[in-house]
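Contents: one structure, followed by commentary.
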Amino acid sequence: MEELVKHFAWFKTWQQTPSYAQFKARPIAYFCSEFALETHIPTYSGGLGILAGDVIREAADRDVPLVGVGLYYQHGYICPTKLIDGELVEACVDFPPESVGLKPVLLSDGTRLKLKVPIQDVQVEVQAWEWSRAGVKVYLLDTELESNSAGDRRITDRLYIAHSETRLKQQIILGLGGLRLLEALKVHPSLYHLNEGHSALLALELIHHEMKERSLSFDEAKAFATRRLVLTNHTLVPAGNETYSDDLVSLLLEGYAKEINVPVSELVKLGLVSGSSSFSMTLLALRMASVVNAVSKLHAKKARDIWHDHPMVAVTNGVHLPTWDKIGADVKTPGSFWKLHQSRKLDLLKHIKDKTGRDWTTDTLLIGWARRIATYKRPGAILEDAKRFAAIARNTNRPIRLVISGRPHAADKDGQKIRKDLQELTDGELKDVAVYLPDYDLAQAELLVAGCDVWLNTPVVGFEACGTSGMKAALNGVLPCSTKDGWVDEAEFYKVGWVLDDTAVGKDILNKLEHDIAPMYYTRDAGGVPELWEEHMRNSRDMIINQFSATRMMRAYVEMMYS
């Protein structure tokens, strides 16, 4: 708690400085393709959006002058699912912005604010919606307007839609339209923070802005634009770094290039992968940003091997404590943390029963794995030897239950197969000891990170840039059991949790479960409290509060990127 208090004090001091006054006059514009603002607002898919939501909430709490810009998705990302002939089938529905509590952005005369964004040879009309918290606003753009063609109205329907041309159109709306929105609102940011490369086309509109304001050439304006752009990179995985053919990018930017009187080839050149015909949003963002941060120290180190010309500073992610802390009390008295945790665990078990019919008890050790399903995250590692897991889990003296949650991207065939295999295992031979929860959302995540006893994290080391779900779990006394990837590489796990062998992760999980985790969990005092386990719970909570809060992360943004 001492370190957190120091960060609070730092913000109070910063608010008395000329630097802060400058940001109050001209705020930081935070661009992201997804924001987890509320459970029911369908503008997020996973970790990137969760982090963006935490950044917005932390900015509001610390009075950081910041405005968010993203897109509104009528169908969201997490569509409801139905089980038809053994297959989970998506059944998407519309979520009108007003139905989730968003307000339309209006002009001073009370009319709806509308913008035009050139895509190919068409001027696509865009509207905006507002969400706010304690003075921090997030604006979400969409194209659901009668003035647009049927196809253009559907551009912003779905987050991370598999159709690459539509996804590129979304990124044009976000990048170009986002800056035009701020100009229309007379918001003049001093700095633009790109949370991942999806909004990188903002750089082109910023160059255009500098050309007009300063009467500069394209190349001269580019240098000025670079000074005002910073980037947070989140992934080293190729699937997370989107590329498009240069022909497609040229085609869709053709109208914009004519509008700003710059050859389209000059625009495309900024994102071209050397020696290829591919245009990379990540490369465009890296080349245009004055400062780039990785989201953990290990991520920064690994990034050097991939992007030699674009060094990154390390600002390890943190979590917004008020959002994710489901304990919310002093738990230093022996037995108090355990008692509170059992209550949170009961909430999760009720949810599991409602969703699956499994009726488990709070007395049984509960292991959780929950995040986006992808090959490198190895969601099935604990079940590689399903027979051995079942034997360990069915030990009547030390029973274990497993809950897995998450979903793959719709276009990820390998992830879809993993999901199907997990579903079959948990509905079949492991039905009594394991369960899979398909509809993973913010509300379910909050139950899981507070209600499990152990949080399992199994990525291949070097692939998970940070992995903040483990921070949220540890904050609530859920003990981490993880490979040494992302933030875990920076953490001290002595009397906190267990580090897994990356090269034999499946076998190591079962060994630790059988010989270390279960024996500690089931060793109780006369009052039924596992004293050593509770000590680990307190240590894990203290570690997150002191080292991995969004308050510490926001301070690092200000000191290392914004100032």
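Report the residue count in segment 364-390 for those that are in contact with a helix residue (DSSP H, G or I) (Cβ under 9 Å, 6 or more places away or on another chain) and open to solvent by 30 Å² or more (accessible area, probe 1.4 Å).
Number of matching residues: 6.
Suppose we keep only residues that are closer than 25 Å to Ala52 by Cα and part of a strand (DSSP E or B) within segment 81-113. Which one would you say is modelled with the lowest pLDDT?
As a first pass, look at segment 81-113 and keep what is closer than 25 Å to Ala52 by Cα: 92-106, 113.
When the remaining residues are screened for being part of a strand (DSSP E or B), the result is 103-104, 106.
Numbers: Lys103: 97, Pro104: 97, Leu106: 94.
It comes out as Leu106.
Take the residues of segment 251-286 that are of a type outside the set (Ser, Thr, Tyr) and within 14 Å of His198 (Cα to Cα): which is most open to solvent (accessible area, probe 1.4 Å)? Steps first, answer last, please.
First pass over segment 251-286, keeping only residues of a type outside the set (Ser, Thr, Tyr): 251-255, 257-264, 266-273, 275, 279, 281, 283-286.
Those left that are additionally within 14 Å of His198 (Cα to Cα): 271, 279, 281, 283-286.
On the way: Gly271: 0, Phe279: 1, Met281: 4, Leu283: 26, Leu284: 1, Ala285: 3, Leu286: 5 Å².
Applying the filter and picking the extreme gives Leu283.
Residues checked against (1) open to solvent by less than 40 Å² (accessible area, probe 1.4 Å); (2) modelled with pLDDT under 95; (3) assigned to a strand (DSSP E or B):
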site	(1), (2), (3)
Glu165	no, no, no
Ile173	yes, no, no
Leu179	yes, no, no
Leu194	yes, no, yes
Leu236	yes, yes, no
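How many residues does segment 301-319 hold that are part of a loop (DSSP other than H, G, I, E, B) and either hydrophobic (A, V, I, L, M, F, W, C) or more than 20 Å from the chain's Cα centre (by Cα) (or both)?
Matching residues across segment 301-319 total 7.
Got a sec? Which helices (runs of 4 or more DSSP H) wholly within segment 509-563 have at least 1 residues that are more than 30 Å from Phe11 (Cα to Cα), touching a Ser or Thr at 6+ places or on another chain (Cβ under 9 Å) and at pLDDT 95 or above?
Here the list reads 531-547.
Pull out all pairs, ordered by first then second residue, where Cβ-Cβ is under 7 Å, the residues are six or more apart or on different chains, the first lies in segment 107-132 and is over 26 Å from Pro42 (Cβ atoms), and the second is part of a strand (DSSP E or B) and open to solvent by 20 Å² or more (accessible area, probe 1.4 Å).
Between residues of segment 107-132 that are over 26 Å from Pro42 (Cβ atoms) and residues that are part of a strand (DSSP E or B) and open to solvent by 20 Å² or more (accessible area, probe 1.4 Å), the close pairs are Gln123/Lys116.
Given (1) in contact (Cβ under 8 Å) with a residue 40 or more places away in the chain; (2) in a loop (DSSP other than H, G, I, E, B); (3) farther than 21 Å from Thr43 by Cβ, identify the lone condition not met by Ala203.
Among (1) in contact (Cβ under 8 Å) with a residue 40 or more places away in the chain; (2) in a loop (DSSP other than H, G, I, E, B); (3) farther than 21 Å from Thr43 by Cβ, the lone unmet condition for Ala203 is (2).
Here is a list: Leu191, Leu216. Which entry is hydrophobic (A, V, I, L, M, F, W, C) and without any contact (Cβ under 8 Å) to a residue 40 or more places away in the chain?
Result: Leu216 is the single residue among Leu191, Leu216 that is hydrophobic (A, V, I, L, M, F, W, C) and without any contact (Cβ under 8 Å) to a residue 40 or more places away in the chain.
Is segment 181-197 home to any residue that is β-branched (Val, Ile, Thr) and out of contact with any Lys or Arg (no Cβ under 6 Å at 6 or more places or on another chain)? Write out each step before concluding.
First, the residues of segment 181-197 that are β-branched (Val, Ile, Thr): 187.
Next, only the ones that are out of contact with any Lys or Arg (no Cβ under 6 Å at 6 or more places or on another chain) stay: 187.
Yes, segment 181-197 contains at least one residue that is β-branched (Val, Ile, Thr) and out of contact with any Lys or Arg (no Cβ under 6 Å at 6 or more places or on another chain).
The values are calculated or read from the model by the stated rules, or taken from the named source; none is laboratory data. Every value quoted in this text rests on a predicted model; they were computed, and no experiment measured them. Glycine also receives a Cβ, built like all others from the backbone with ideal geometry; neighbour counts cover every protein chain displayed. To get the accessible areas, we keep the full protein, side chains included, count just its heavy atoms, and leave off ligands, DNA and RNA. Shrake-Rupley method; radii C 1.70, N 1.55, O 1.52, S 1.80 Å.
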